[in-house]
Amino acid sequence: MTVYHESFTIQSDRRPTFHDVTEQVQAIKEKSSITNGILLVYSQHTTCSVLIQEESHDANYWGTEFLLQDLVTVFEKIVPTCQTEGQYLHPGPKHIDYASTQLKEEAFWSLNTDAHLRSCLLGRSESIPIHQGNLELGQFGRVYFADFDQIRARERTVRVQIVGE
């Protein structure tokens, strides 16, 4: 059995962003030479998610595919975007103090509770079977990396680990 790991980065924006990473994941699978196994796509960032969804083809003016924008619209109803301190219990004063003093972060950077909750609901990874050299995504399946943090744009790391033979 072989274990293969690789990562790549993407750039987020100050709004929910979705990156179709299917081609990068496919290229990593090819480099691994693993033909049967399991491929894991993972986000180490607690405001991000990995999801498998159908490619929508249509997109809004920001370039967000309609189906993914529909997801953002639904999330806005059940987990509203954090607009100000006190809207959610998190971040509390201890967290703000730690982030400011230990991590040298601006206090308002912690006003991303909605992104943390959305990430919890979708999860931060997807496992995809590899069978006879093919990623088993289905006819329309694509792999998306989602960043729900609207506080600041950042470079994000997408991790891919494959176990198999």
Test: L121 is part of a loop (DSSP other than H, G, I, E, B) and surrounded by fewer than 18 Cβ atoms within 10 Å (Cβ to Cβ) = no
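Could we say that E85 is over 20 Å from V143 (Cβ atoms), acidic (D, E) and modelled with pLDDT of 95 or more here? Write out each step before concluding.
Values: over 20 Å from V143 (Cβ atoms): yes; acidic (D, E): yes; modelled with pLDDT of 95 or more: no.
Answer is no for this residue.
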Note on V25: of the conditions (1) open to solvent by less than 60 Å² (accessible area, probe 1.4 Å); (2) under 30 Å from E105 (Cβ atoms), unmet is (2)
Which listed residue, of I128, I151, I162, is of a type in the set (A, V, I, L, M) and either assigned to a loop (DSSP other than H, G, I, E, B) or under 18 Å from T81 (Cβ atoms) (or both) | I151
D20: passes all of (1) in contact with a strand residue (DSSP E or B) (Cβ under 6 Å, 6 or more places away or on another chain); (2) of a type in the set (D, E); (3) within 17 Å of Q150 (Cα to Cα) but (3)
Pull up the range 74-105, narrow it to residues that are within 15 Å of D149 (Cα to Cα) and part of a helix (DSSP H, G or I), then point me to the one that is most open to solvent (accessible area, probe 1.4 Å).
-> E76
Any pair with Cβ under 7 angstrom, 6 or more apart, that starts in the range 1-27 at a residue that is closer than 16 Å to E55 by Cα and modelled with pLDDT of 95 or more and ends at one that is hydroxyl-bearing (S, T, Y) and in a loop (DSSP other than H, G, I, E, B) = F18/T64
Given the conditions (1) modelled with pLDDT under 95; (2) in a helix (DSSP H, G or I), which single one is not true for D70?
-> (1)
Whichever residue in the range 51-73 is of a type in the set (V, I, T) and in contact with a strand residue (DSSP E or B) (Cβ under 8 Å, 6 or more places away or on another chain) and, among such residues, is least open to solvent (accessible area, probe 1.4 Å) = T64
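Would you check which residues across the range 64-94 are hydroxyl-bearing (S, T, Y) and in contact with a helix residue (DSSP H, G or I) (Cβ under 6 Å, 6 or more places away or on another chain) and list them? Can you show your working first?
First, the residues of the range 64-94 that are hydroxyl-bearing (S, T, Y): 64, 73, 81, 84, 88.
Passing the criteria: T81, Y88.
In the range 1-46, which residue that is among the hydroxyl-bearing types (S, T, Y) and in a strand (DSSP E or B) is farthest from the chain's Cα centre (by Cα)?
Step one: list which residues in the range 1-46 are among the hydroxyl-bearing types (S, T, Y), which gives 2, 4, 7, 9, 12, 17, 22, 32-33, 35, 42-43, 46.
Restricting the remaining residues to those that are in a strand (DSSP E or B) gives 2, 4, 7, 9, 17, 42-43.
On the way: T2: 26, Y4: 21, S7: 13, T9: 11, T17: 9, Y42: 8, S43: 6 Å.
Looking at the filtered set, the residue picked out is T2.
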Restrict the check to the range 47-63 and report whether at least one residue is aromatic (F, W, Y), assigned to a loop (DSSP other than H, G, I, E, B), in contact (Cβ under 8 Å) with a residue 40 or more places away in the chain and over 30 Å from G133 (Cα atoms).
-> yes
Considering every residue within the range 106-118, establish whether at least one is in contact with a helix residue (DSSP H, G or I) (Cβ under 9 Å, 6 or more places away or on another chain), surrounded by 15 or more Cβ atoms within 10 Å (Cβ to Cβ), small (G, A, S) and in a strand (DSSP E or B).
-> no
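The values are calculated or read from the model by the stated rules, or taken from the named source; none is laboratory data. The shown structure was predicted, so the numbers you read here are calculated from the model rather than taken from an experiment. Note that each Cβ is placed from the backbone with ideal geometry, even for glycine, and that neighbours are counted across all protein chains shown. Ligands, DNA and RNA are stripped out before the accessible areas are found, and what is left, the full protein with its side chains, is counted by its heavy atoms. Shrake-Rupley method; radii C 1.70, N 1.55, O 1.52, S 1.80 Å.
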